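A.B. asks: If you scroll down you'll find the structure; I have some questions about it.
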Amino acid sequence: MIIFCGGTRDVSRNESKSGLCSLKEFAQRTSNTNVILLEAPHRYDLPLSSCVNMEVRLFNKRMRSLMTPFHHVKVFNMSTEREHHTRHGLHLNKKGKHWVTNNLVKTIKNFYFPHNITPPIVLQWKEANENTTEQVSQTEHQAENSSVTKVSDSQTENQAEDVSVTQVSDNLTANQNKT
């Protein structure tokens, strides 16, 4: 897995187009590697309406649409709040770094353990001579069914239980002697 974390300096230098082309080429070359791209963060040291913040929003939108066809690439939303940044507003503070790492962990888990995939059905390996458990369960099932037919209407419930227990133990002994 590769995680890319970019900043807003390249976006502010009008180099976002070359950055997007590089990311697309990289995604095409690494189809066997899972990739997480972090969006460029909002700059709180500049006004909301600044051209840099507008370009950051546009860059993130273009990156999301450009990476949509690549199923091995996920774009991580960096919509952090002002409280996640230092006083000057350009870098993440401790709380912001914790927020990013916690959400990255969730993204990585979803990458490898998606919720919509059901777990596979695990079948136990069975050797040719290890059929004793199957034979025992079949014998118990047969004993229960045959005890019902062998017990006559005149016998009591206790006698019926005695017959089925005796037949099961006899069948188990016979199966053990065969193996």
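A.B. asks: Taking segment 104-136 as the region of interest, how many residues are at pLDDT 80 or above and either in contact with an Asp or Glu (Cβ under 9 Å, 6 or more places away or on another chain) or closer than 18 Å to L37 by Cβ (or both)? Before the answer, list the steps.
C.D. replies: Applying the first criterion (at pLDDT 80 or above) to segment 104-136 yields 104-110, 121-125.
Pick out the ones that are also either in contact with an Asp or Glu (Cβ under 9 Å, 6 or more places away or on another chain) or closer than 18 Å to L37 by Cβ (or both) and you get 104-110.
Within segment 104-136, residues that are at pLDDT 80 or above and either in contact with an Asp or Glu (Cβ under 9 Å, 6 or more places away or on another chain) or closer than 18 Å to L37 by Cβ (or both) number 7.
A.B. asks: Right, here's the next one. Can you confirm whether L90 is modelled with pLDDT under 90 and either surrounded by 13 or more Cβ atoms within 10 Å (Cβ to Cβ) or within 24 Å of the chain's Cα centre (by Cα) (or both)?
C.D. replies: Yes; evaluated as a whole, the condition is true for this residue.
A.B. asks: Of the conditions (1) farther than 18 Å from G7 by Cα; (2) not in a helix (DSSP H, G or I); (3) not hydroxyl-bearing (S, T, Y), N110 clears all except one; give me its number.
C.D. replies: Looking at each condition in turn, N110 falls short on (2).
A.B. asks: So for segment 28-42 (the condition being modelled with pLDDT of 90 or more and part of a helix (DSSP H, G or I)), does at least one residue qualify?
C.D. replies: yes
A.B. asks: Oh, and also: Only one residue in V100, V75, V105 is assigned to a helix (DSSP H, G or I) and crowded, with 17+ Cβ neighbours inside 10 Å, so which one is that? Quick ask: steps written out before the conclusion?
C.D. replies: Working: V75 fails: assigned to a helix (DSSP H, G or I); V105 fails: crowded, with 17+ Cβ neighbours inside 10 Å.
That would be V100, the only listed residue that is assigned to a helix (DSSP H, G or I) and crowded, with 17+ Cβ neighbours inside 10 Å.
A.B. asks: Given the conditions (1) in contact with an Asp or Glu (Cβ under 9 Å, 6 or more places away or on another chain); (2) loosely packed, with under 13 Cβ neighbours inside 10 Å; (3) hydrophobic (A, V, I, L, M, F, W, C), report the number of the one that V11 does not fulfil.
C.D. replies: So the condition that V11 fails would be (2).
A.B. asks: A further question on this structure: Among the aliphatic types (A, V, I, L, M), in the same structural domain as P41 (by TED's automatic domain parsing), within 12 Å of I36 (Cβ to Cβ) and part of a strand (DSSP E or B) - does that describe any residue in segment 82-92?
C.D. replies: Restricting attention to segment 82-92, the residues satisfying the condition of being among the aliphatic types (A, V, I, L, M) are 90, 92.
With in the same structural domain as P41 (by TED's automatic domain parsing) added as a condition, the list becomes 90, 92.
Going one step further and asking which of them are within 12 Å of I36 (Cβ to Cβ), we end up with none.
Looking for residues that are among the aliphatic types (A, V, I, L, M), in the same structural domain as P41 (by TED's automatic domain parsing), within 12 Å of I36 (Cβ to Cβ) and part of a strand (DSSP E or B), one finds none in segment 82-92, hence no.
The values are calculated or read from the model by the stated rules, or taken from the named source; none is laboratory data. Bear in mind that the values here come from a model prediction, so they are computed numbers and not experimental data. No Cβ is skipped: glycine too gets one built from the backbone with ideal geometry, and neighbour counts run over all protein chains shown.
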